Structure formats: C-alpha cells, structure tokens
Protein chains: 4
Amino acid sequence: MPKTNAEKQENIIKAAGIVFSQKGFHQARMDEIAEAAGVAKGTLYYNYSSKSKLFAATVTCGLNRIMAAIEAELASDLPFLDHLRAIVATIIRLYISNKEVTRIYANEMSSGIEDEVRSEIKAVREQFTAFVEAQLQTGQEKGYLAPLPSHLSAVAVIGIIDALCSHHLEHPDLHSPDELTDTVFTILSSGLARNRQAGE
Amino acid sequence: MPKTNAEKQENIIKAAGIVFSQKGFHQARMDEIAEAAGVAKGTLYYNYSSKSKLFAATVTCGLNRIMAAIEAELASDLPFLDHLRAIVATIIRLYISNKEVTRIYANEMSSGIEDEVRSEIKAVREQFTAFVEAQLQTGQEKGYLAPLPSHLSAVAVIGIIDALCSHHLEHPDLHSPDELTDTVFTILSSGLARNRQAGE
Amino acid sequence: MPKTNAEKQENIIKAAGIVFSQKGFHQARMDEIAEAAGVAKGTLYYNYSSKSKLFAATVTCGLNRIMAAIEAELASDLPFLDHLRAIVATIIRLYISNKEVTRIYANEMSSGIEDEVRSEIKAVREQFTAFVEAQLQTGQEKGYLAPLPSHLSAVAVIGIIDALCSHHLEHPDLHSPDELTDTVFTILSSGLARNRQAGE
Amino acid sequence: MPKTNAEKQENIIKAAGIVFSQKGFHQARMDEIAEAAGVAKGTLYYNYSSKSKLFAATVTCGLNRIMAAIEAELASDLPFLDHLRAIVATIIRLYISNKEVTRIYANEMSSGIEDEVRSEIKAVREQFTAFVEAQLQTGQEKGYLAPLPSHLSAVAVIGIIDALCSHHLEHPDLHSPDELTDTVFTILSSGLARNRQAGE
DNA sequence: TATGAATGAGTATTCATTCAT
DNA sequence: TATGAATGAATACTCATTCAT
C-alpha cells in the first residue's frame, strides 16, 4: 500500500503550492505540477476540474491551515497587548514558514483568473481579514484599542505584515523574524512617533 | 496637426496602462493595447521591443510621475507630523487617482515577467521605498520618530497604504480617501492602541 | 486497426518529406505538414519539439534509408569497375525514387536553420561521403583506381551525381536514368577525354 | 561629392552579396542589408522593387562578373587539354575568390523565392552551363573529347566544381586550390580509373 | 481510478513593404 | 532622390483540456 488516497491529494496540493509560488499562476504549467507531484497530468484533472480550481484549492487549503494554526495557538488569556503581540508573532512565523502560500497570497490575487475562482480566493482572504478584525474589535470593546474603523484597521494590519514578510522573503538576511515582529508590534501599539509618554 | 511624436508615445503608454491594469500582464493582449492606442500592432513593436519592455516602460513612467508629483507637493516647512500627514494624504490621493498604475504596481510584480524587466521595475519600486525612508529618517533625526529600523518602517508604511488603497479601489463606497488618510496617519503617529497619555 | 504508433510517426515524417521538398524549409508551414499528415499541429510538437527538429528527423531518416538500401544492394563480388557502375546506378536510382529527400538534401543545407540541427544533417551527409570514400579506397588499394585524394574524389563523385539528378528532376524528359548512369560512369572510369587506348 | 550614383548602387549590391551569402535568402533582412550598405531601408526599395529583385540583381551581377572574367582569361590558343585545365583552374579560382556569390549560387536556388525571380536566376545559371557546354562541344568537334551528351557533361563538370569548391569553403585547410584543380582535371581528362594505357 | 497521447484555440513576434515628407 | 516611421499579414509555438484505454 504505497499511498493512501488522501496522501496523493496532499502530494498534489503540496506540489501545486511549490510550483504556483515559484512561477505564479500563469507561468505554472500543469505538466510541471503533475511531474512534481509524481502523477500523470490526467490525474490532476481527475481530481480538480481545471487549473483555476487547483489553484483555488491550493490557496484555500494553505490559508485554512494558517488560520487553524493561529487559532490553536491563541486560545490564551493573555493581557490584550501581549495577546496582540502574540497574534502578530504567530502570523509572521506562519507566513514565513508557509512561504509558498504567502507568496501566492501576496502576489497572485491579480487579474487573469476565472472570476468564479477569484471570488473563492477573495472569500478566504476576507475570512482571514474578518478573523483579524474580530480580534481588534475585542480589543476595542475592552478599551485597549482606539476606536478606528475596525475593518480598515484589519486591512492595515494585514498590509503591514504582508509587506514586511514579502520583504523578508526577498531579503532573508537583512532582518530576523523577531525584528519584524517588534517593528509591527511597535507600530501597532504606539505608532512611529516617539513615545510621548516619556514626558517629552 | 494630428499628433506629435511625443503624443503618440504617450498614447501608447496610456493605453497600455489602462489595459495592463484591467487585465494584468499576462492577460493583456498586444492586439488590444494597439487598438486602444489607435496604432497598428507593428507600431508597438517599432517603439518597444517586447511586451515586457512595454510593461516596464508603462510602470516606470507611471511611478516616476507619482514620485515627481509627491516631491513637487512636499517642498514644505510644515512641522514634522503635519509633514507626515501631508505625505500620506498625497500618496493616497495620487495612488487613487493613478489607479491604473497602482493596480499594476500592487498586483503584477509577480512571477512570469522577463527577469531583466522585473529588475527594472523592482528598481523603481525601491527608489520609491528609499524616498519614503528618507522622509522617515529626517523625522528620526529631528527626534520626532522612534528609532525603528527605518527601512522596515518605510516598507511598512508603503504596505499599509498599498493595502488600504487596494481595498478602497475594490470597495470605493465603504470609506472616503480622507478616512484612509486618517487611519494611516493615526496608526503611524500613535498606533492602534488607545492613547495612554490620556491617563487611562 | 486504424494506426499503430509507428505508423503515425511514419505518416508525419512522410508528410514532412513531401512538404519540405516542395516548399523548402522556410516556406514549409507546420500547419500544412500537420494537415498532410492528418494530425493536429499540436501532435507535431508533441513528437518533435520544433520545426528544425522535425526537419532534421526527416532528412536523417531519408538518408539513412537510402544508405541502407545501397548497402543492401551492394554486397556483391563483382569486378571492381562493375561494382563502381552498380554503385552509381544504385545511388542514382535511389536518389530519383526518393526525390523528396534528394531535393531537400541538395537544396536546403543552406542558411537559416538552427545550428544544432544543421550539424546533425551535416553529420549524416558526411557519413554518406565517408561511405562513398570507403568504396573508392577499396578500389585504390586493389589497384583499380588512380591514387587521387580519396576524400576529394568522393566529394566529386557525389557532386556529379547530385548535379545530374537535380538536373534530371527539373527536366525529367531530357535524359533517362540510364543515360545519367552511363554519363557518370564514363566520366568516372575514363574521363571526358576521348579514350586514347583506342590507339589514337 | 562623396559618392556617385553608381557607387551607391555598387555598395548596395556588395552589401547584399555579403549578407545574402552569410544568412541565405530567407534569413537575410532588408534592415541588415540597408545598414551594411550605409543607406536607409527606403533606398533599397527605391532602387529595387523587392527583396527578390535585389537578390536576383545580386546573383546575376556576380555570375556575370565571373563569366566575363573567365572569357577574358581564356582568349587563348592553347592545346585543348591545356585549355580545359585552364578553364577549370580559372573557374575554381573565381569561385573561391567570389565566395559570397558562390555560396548563394550553390545553396540558394532552392524553394521559396518568387517564381519570376527564380526564373531569372535559373536563366543566368543556364547561361553559365551553356558557356561550359560550348567549350566542351568545341573539344568534341576537334576530336579531343568523347561524344558524351554535351549538356549532361557540362552539368557534371559544374557539379564537380561546385561540390569541391563548397567543400573547400567549408574546410579551407584540407586542400589547396591547386589540389582541387588537379583533382577535377584528372577526373575530367582520364577518370578515376588507373590509366590502363600504361599497360598494367 | 489513472494515464498520457492528441488536440487546437490563442498570441507574441517578425519583417517586407509603403508612403508622407 | 532618399528617408524611416508605420503597417499588418503571416506563423511558430504553448499549454490547458479531453478521452480512449
């Protein structure tokens, strides 16, 4: 019994993740994904009706894994700011360790994908935004966060993390993940401005 | 006087900007750009040796225009935080009003473009990052900004603005540009956290 | 039993031979070859990665068939001059009956073909020259042939046959293949000059 | 007055000769010929109505020059065999020193050229064959040459010379022009066979 | 369930030719 | 007479998708 069914599916998604993240949606060829997964091209179509659908499955699966991991780690009772820092650190760590999905997520929501599939991916993305927004709203309700429009804040938070992680993936040697976390957390907690609490 | 030479070139770049931003690099067809520009396909190739080169010219030209506009507007002597808010407002306004370039810039740096061209575009992007970083460093030196790694800060600032503007371009009715500016500025100046100076 | 795999390949090579010989390498269109072979254009590329590669396969395959046929016919113990005449007659007959390949061979070694492919064809051509040269060397060693540089002689022999066969294919009614054979053999055995053995 | 009219025309033909011989008819680009001739592309069309016409002019002009040179050199009263050797030596020398034209002549009579132009070139070629045939007929009439079909003989003679010269242009170091001449003359005068007059 | 040979619509690119100047 | 910017028809090649086995 060399491979169970689920293992094959996983193989395909894993191979697709690698190839899509290296080449991007349009440059990735089904031939290449099939070869990377160790199956025939027909098998790809036997399991996913089109390239777009395979792409959607790849991204959805990856983001779901990330979200599940975040939720698993964050069932905490930390004070809010510690909670926020933990969220940021976790997202950054998972982004970086799932770099295939991250690259896709950050770069390939672009044009040229079947609308139906685009919608599916957008939906997952918005699910993620909503997750972050929920955390922020909790913080607002508890009085820890300023009453900014929470959806915009969530978008901004994800935007910062996306940008820094993309930068890190391109230049891995310039900054450590910890530095990224510190930077993001500092900006989120007190902004760029010098802390005026210091009495200035 | 039908068209001067420069006008024709501008027409092509303008048409390319519109088509590339609507369809993305790979989905855009040279036929369509030619038709949109009102020239024959051969003319495109007479002026730009390949689709990639035309793409590079389009993005470079657009970003340069944005950077020039920003610099022109910001020769100011405002107090630093006002200066920062002005920068943010200006970038957001120009991003939104140059939405063709912005969409390309935000979505199409991805894979599948000739390396040479990719490098050119990356260079322009980094030029822009460097411009923002320079402003932040000035603020640090004057003591207005906390001593965060200035390059990461610049990346983060651009990441926030990108994310919010992309969000705005997809959902133009949810928030006004002013709200965007406020959100970004608030985050940058004091973070998401409720201002603790207030004594709470 | 519609077609075996090998039959399809043969169909393609055969169709390619006809089209290449009629139109020449550059004028031949892949569409036309596909149609002539009764397959889709993609099938051509599925089997041969480029037009040049298909061309190389066509020529190589044709010349190999000719050489095999010559060798099969010439396993003889004839006296040398009869052997020489038999070779000449055989080559001429095969050249004419494989006129597609001959036309290609004679006319299309020219410029504008990928270097790699050109080399492959040249190699086959030189194999053929070497084959003729070997026959001539045997004749020299046995004392039947004058000690001319054998490689030049082989080139010359092929040159004569090429020229006469090309001429014959353009003007089939002027001379019979037998006349061609006689002319070539006479020149090779005693030159153009009146036979001085006759005592003059 | 930098250039006379005729000089410009000559420049164009000369440049065309070089480019056509290097690239072949189809691979040669009018742009490149124009640049090599130091004129604008329009000027080519001002003087020759099409690429094919320019090609025809180039070949015709080159072959005419060769034929004129041969005739000029051969106004001799040598004994016939010496005359034949002189013709051969002259043709070989001129072939090699006009290698641009020779390469075209040998390789590019192939398919894919406008029929009208092809005919023109064929005509020049046949003029050349006729010239050689005339020399051979004189030899036959004077009893020096065997009564072979003189047209076939002429074709064969040119075939040998073509083949050896092409070979020489590809491998210039293997044999000297004198060796070529000796080989051709020996074959023509007494064939490849060992001279049996010697009584052996 | 899995395969991979076959398909053919889709497109970037080339280059001889034209013509306003 | 000479130019060179503009043209657009022509074509090799790609690759997602299908389907007989």
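Total accessible area buried between chains B and A, 1.4 Å probe, in Å² to the nearest 100?
4200
Could you give the nm distance between label points at C:Tyr46 and A:Ser49, where each point is 7 Å from its Cα heading toward the beta carbon?
2.4
Every other copy gets compared here: list the nm distances from the B:Phe80 label point (7 Å along Cα to Cβ) to its counterparts, shortest first, one decimal.
Label point to label point, same position, other copies: 2.8, 10.2, 10.9 nm.
Read phi for every residue in the range D:166-178 and hand back ³J(HN,Hα) as whole Hz from Karplus 6.51 cos²θ - 1.76 cosθ + 1.60, θ = phi - 60°, with x for Gly and Pro.
4, 4, 5, 5, 7, 10, x, 8, 6, 9, 7, x, 4
Which residues among the range A:24-45 fall inside the zone where the amide N is under 11 Å from a point 7 Å beyond the Cα of A:Asn64, along Cα→Cβ?
none
What residue in chain C has the Cβ closest to the axis turning C into A, and how close is it in whole Å?
C:Gly42, 4
Of the GluC sites (Glu not before Pro) in the range A:111-164, which ones lie in a loop per DSSP and count no more than 14 other C-beta atoms within 10 Å?
Hits after loop and neighbour filter: A:Glu114.
Relative to the other copies, what are the label-point distances for D:Gln27, with labels 7 Å from Cα along the C-beta vector, expressed in nm at one decimal and sorted shortest first?
1.9, 3.0, 4.1
May I ask for the longest run of chain B untouched by trypsin sites (Lys or Arg not before Pro) that are loop-located per DSSP and have at most 12 neighbouring C-beta atoms (other than their own) within 10 Å?
Counting at most 12 other Cβ atoms within 10 Å as exposed, the longest clean stretch of chain B is B:4-141.
In percent, how large is the relative contact order of the range C:1-64, given Cα pairs closer than 8 Å and 6 or more residues apart?
After rounding, I find 36 percent.
What do you get for the angle between helix A:80-97 and the principal long axis of chain A? Use alpha-carbon atoms, 0 to 90 degrees, nearest ten.
Computed tilt is about 30 degrees.
Between A:Leu148, A:Leu169, A:Leu74, which gets the highest mean-square fluctuation from a Gaussian network model of chain A, Cα cutoff 10 Å?
The residue with the greatest mean-square fluctuation here is A:Leu148.
Compute the acute angle (0 to 90°) between the alpha-carbon long axis of helix D:51-73 and the principal axis of greatest extent of the alpha-carbon atoms of chain D; round to the nearest 10°.
Its long axis makes an angle of about 40 degrees.
Could you work out what % of the accessible surface of the range A:5-198 is carbon and sulfur, using a 1.4 angstrom probe and leaving DNA, RNA and ligands out of the count?
Taking all protein chains in place, the range A:5-198 shows 50 percent carbon and sulfur surface.
Suppose we compare each residue of the range A:132-149 in its chain alone and in the full protein complex with a 1.4 Å probe; which ones drop by at least 30 Å² of accessible area?
Residues losing area: A:Gly143, A:Leu145, A:Ala146, A:Leu148, A:Pro149.
Buried by at least 20 Å² relative to the chain on its own: which residues of the range A:168-191 qualify, computing accessible area with a 1.4 Å probe on protein heavy atoms?
The answer is A:Glu170, A:His175, A:Thr183, A:Thr186, A:Ile187, A:Leu188, A:Ser189, A:Ser190, A:Gly191.
Express the accessible area of chain D per residue in Å², computed with a 1.4 Å probe while the remaining protein chains stay in the model.
The answer is 47 Å² per residue.
Could you identify which residue out of D:Ala37, D:Ala15, D:Ala72 has the top mean-square fluctuation in a GNM of chain D using Cα springs shorter than 10 Å?
D:Ala72
Label 7 Å along Cα→Cβ of B:Glu114; the range B:32-50 residues with amide nitrogen under 19 Å?
Flagged as within label range: B:32-34, B:41-50.
Every other copy gets compared here: list the nm distances from the D:Pro149 label point (7 Å along Cα to Cβ) to its counterparts, shortest first, one decimal.
Inter-copy label distances (nm, one decimal, shortest first): 3.2, 8.7, 9.3.
Remind me, relative contact order of chain A in percent, using alpha carbon pairs under 8 angstrom and six or more residues apart?
Computed value for chain A: 21 percent relative contact order.
Please report how far the C-alpha centroid of the range C:109-174 lies from that of the range B:145-188, rounded to the nearest whole angstrom.
76
Provide, for chain B, the number of lysine pairs with alpha carbons under 16 Å apart, each pair being eight or more places apart or on different chains.
For chain B, the number of qualifying lysine pairs is 12.
The values are calculated or read from the model by the stated rules, or taken from the named source; none is laboratory data. Just so we're clear, the structure is a prediction, and the values are computed from it rather than from any experiment. Neighbour counts run over all protein chains shown; Cβ positions are idealised from the backbone, glycine included. Ligands, DNA and RNA are stripped out before the accessible areas are found, and what is left, the full protein with its side chains, is counted by its heavy atoms. Shrake-Rupley method; radii C 1.70, N 1.55, O 1.52, S 1.80 Å.
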